[in-house]
Amino acid sequence: MESLILHKGNRGHIADIAHCETSMTIGRGFDNDVVLSDPYVAARQAAVEVVDGRWILKVLDHTNPVLINGELVDDSAILHSGDKLTLGRTRLSVFNANQVPDKTRKLHVSGWLQRSARSQLSPYIVLLIACLLAAVEVYFEQLKGMDWKATGLTVSILVAVILVWSSLWALVGRVVTHHGHFNAQLLATSIIVGLTILLSPLIDYSGYASNSEFIGQSVDITINFFSFLLLLNFNLFFATNLTNNTSIAALLALALVSVSYGLQELNRQEFSSEPEYMQSLKPPFARLRNNISVDQFLDRAQERWSELGS
């Protein structure tokens, strides 16, 4: 009779393997062949033994249901290779020795992961580039002069957010797969943040070109969604062994964008007496018609607005 193998844990978790040649008991008690630290599993929950050449699962305690492939087991049931056994909140996979394993997944960035461990400076260089892009963006958005304090604060917050985000995902990877890959998380996060900053002027340009605030908001939501999708996809890839990274990343990205947009709408003023400008259309050093600077143009516009108000 082939041995029976119990595989504890889902994809992305370290597996606990238990082999059974003739019989085994499963439960929370330490005298069992398979000990489960699940408070919803009885001290002696179930037993597995060979009967007429077949593996039979016998339920020994009915406090909580025992399921095979989602179906309730009353007293006993036949186990087949590939079945999913649920006891309490613990899920076990049942296999025999001839079970064909899943196809090996190709790690497309294995070489890059190995190089990233040696090139410690690469993630921080990319982080510096992302910070410079953020500083340039803040400079372009300044209406009058350069506020170095505000720029420094923005860049500092950005660095802190990137480092904390990368550290949290590295911690998840350390817990789930025993590999943190902090450098990889930091590099991927910095690259995607930098790309998002480069794409951010499209929000104002699209709204200006279409003369529609809705178009500008749609572009804003689209850029944020795909940025989060790409970022979370990389985060999950480095931190877990899940096979459906893209689907999970899409759901998380949708939730983050929905919450962010909803908060913006809640904080938006219904009416403002002050004029609003699209700073991204003209950087501070650009010249307008009649060879006047942006600052001079804004000063004249504010004077005209004040005259109308008085």
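The values are calculated or read from the model by the stated rules, or taken from the named source; none is laboratory data. Just so it is clear, the model here is predicted, and its values are computed rather than measured. Methodologically, a virtual Cβ is constructed for each residue, glycine included, from the backbone with ideal geometry; neighbour enumeration extends over all protein chains shown. Side chains included, ligands, DNA and RNA excluded: accessible areas come from the protein's heavy atoms. Shrake-Rupley method; radii C 1.70, N 1.55, O 1.52, S 1.80 Å.
Quick notes on this structure:
- Sum of side-chain charges, Gly207 neighbourhood, beta-carbon under 10 Å (Lys, Arg +1; Asp, Glu -1): -3
- Heavy-atom accessible surface of the range 26-93: percent carbon and sulfur, 1.4 Å: 47 percent
- The range 158-245 shape via C-alpha gyration tensor axes, a/c threshold 1.5: prolate
- Measuring with a 1.4 angstrom probe and ignoring ligands and nucleic acids, Lys58 comes out at about 80 Å² accessible.
- Label-to-label distance for Leu263 and Tyr205 is 2.8 nm, based on points extended 7 Å past Cα in the beta-carbon direction.
- Local charge for Ala47 was computed over the other residues whose Cβ lies under 13 Å away, with Lys and Arg +1 and Asp and Glu -1, and equals -3.
- Using a probe radius of 1.4 angstrom, the carbon and sulfur fraction of the accessible surface of the range 136-273 is 69%.
- Per residue, in Å², the accessible surface of the range 128-215 once ligands and nucleic acids are set aside, probe 1.4 Å: 58 Å²
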